[in-house]
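The values are calculated or read from the model by the stated rules, or taken from the named source; none is laboratory data. Small disclaimer: the values here were computed from a predicted structure and weren't measured. With ideal geometry, Cβ positions are generated from the backbone for all residues, glycine too; neighbour counts draw on all protein chains shown.
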Amino acid sequence: MKPEDFELLSNLVRDRSGLVLTKDKLYLVESRLLPLARKRGMAGLDDLVKALRTRREEPLMAAVTEAMTTNESSFFRDLKPFDFLRKMVLPRLIESRAGKRSIRIWSAAASTGQEPYSIAICLREEASKLAGWRTEIVGTDLSNEVLEKAKAGLYSQFEVQRGLPIQMLMKHFKQVNETWQIDPALRAMVKFRVQNLLTDLSRLGAFDVVFCRNVLIYFDQPTKKKVLSRIARLMPADGFLFLGGAETVLGITDAFKPLEGYRGVYQLTGRTAH
Ligand SMILES: C[S@@+](CC[C@H](N)C(=O)[O-])C[C@H]1O[C@@H](n2cnc3c(N)ncnc32)[C@H](O)[C@@H]1O
């Protein structure tokens, strides 16, 4: 691929999603975009780049961006965050929100749904303490394609085997032919919406808990900072932010600080997020 073609593609993807494609990702660009070009009746990547350069059609630009996202996810990914949610965050919120009896949780890069459904399972496991409460889980992602899969709540044997203990699988899923369907009541607990983290987030409303895991790693520093600042504005002073295992706020923003003893969990500092 010509350097100027790679540049056009990487600029397009960075501007639209924040994902940074360095030159060593050329193989990834080719392996992800060639099938997309062929599906659209093009001979190869030259035609795709030409179409992007001349026509700048929204659906094609969106499809290229979505194709470059990494959608890897699993149920109860890294386990600990979900343990912290059940054993530390929910009890604290149940105490502090006893007046309004309402909790809103956001999975900000929900991908194919395993993360918000793991959160829903945690809430269900604590249902006796949440009787009479209004709980809402919102799952958002840039990619409509992954959200369609998330909404369907259907997972392969391989997908459920990664992270779901067998008792939880039997309790919360039903086998349908070769696949596993999440329980309709759990499915109804999560509202899925397309939302790009680079755009205005205010219409989503406020969240007591935000899971923004394994997406910031793909962004450059200024984008990480911008996204974290936007998230901070949606959270009450005592809210909880969960980041992925390879992510941190340190050196990026002083709007959040790590919560001691709970790796991957952050709280607001009260300093204004810019
Ligand atoms: C690796 S998955 C993480 C899924 C889940 N949070 C987890 O930890 O298992 C990253 C997701 O971020 C989404 N994503 C990438 N850039 C985004 C953006 N600018 N706005 C919203 N979502 C984005 C991708 O579409 C992808 O589904």
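Quick notes
- Out of ASP254, ASP238, sole residue that is in contact (Cβ under 8 Å) with a residue 40 or more places away in the chain and not small (Gly, Ala, Ser): ASP238
- Put simply, of LEU268, LEU241 the only residue that is surrounded by 14 or more Cβ atoms within 10 Å (Cβ to Cβ), aliphatic (A, V, I, L, M) and farther than 25 Å from VAL146 by Cα is LEU268.
- Segment 228-238, residues that are crowded, with 16+ Cβ neighbours inside 10 Å and not small (Gly, Ala, Ser): LEU228, ARG230, ILE231, LEU234, MET235
- Filtered by the rule that a residue be assigned to a loop (DSSP other than H, G, I, E, B) and of a type in the set (Phe, Trp, Tyr), segment 163-212 gives a lone residue, PHE207.
- Within segment 213-223, the set of residues being within 13 Å of the ligand (Cβ to nearest atom), assigned to a helix (DSSP H, G or I) and surrounded by fewer than 23 Cβ atoms within 10 Å (Cβ to Cβ) comprises ILE217, TYR218, THR223.
- Within segment 126-177, the set of residues being surrounded by 17 or more Cβ atoms within 10 Å (Cβ to Cβ), away from the ligand (no atom under 12 Å from the Cβ) and of a type in the set (S, T, N, Q) comprises THR135 only.
- Segment 53-93, subset touching a helix residue (DSSP H, G or I) at 6+ places or on another chain (Cβ under 6 Å) and farther than 18 Å from ASN144 by Cβ, residue nearest to the ligand (Cβ to nearest atom): SER74
- Checking LEU60 against (1) in a loop (DSSP other than H, G, I, E, B); (2) over 28 Å from VAL160 (Cα atoms), the condition it does not meet: (1)
- Pick from segment 86-111, criterion touching an Asp or Glu at 6+ places or on another chain (Cβ under 8 Å) and part of a loop (DSSP other than H, G, I, E, B), ranking: surrounded by the most Cβ atoms within 10 Å (Cβ to Cβ): ALA110
- Selection count where residues are surrounded by fewer than 16 Cβ atoms within 10 Å (Cβ to Cβ) and either more than 18 Å from the chain's Cα centre (by Cα) or under 24 Å from LEU28 (Cβ atoms) (or both), scope segment 72-85: 2
- Contact map, segment 114-143: first residue more than 26 Å from SER17 (Cβ to Cβ) and among the hydroxyl-bearing types (Ser, Thr, Tyr), second residue surrounded by 23 or more Cβ atoms within 10 Å (Cβ to Cβ) and modelled with pLDDT of 95 or more, Cβ cut-off under 9 Å, separation 6 or more or different chains; pairs are THR135/ILE105; THR135/ALA120.
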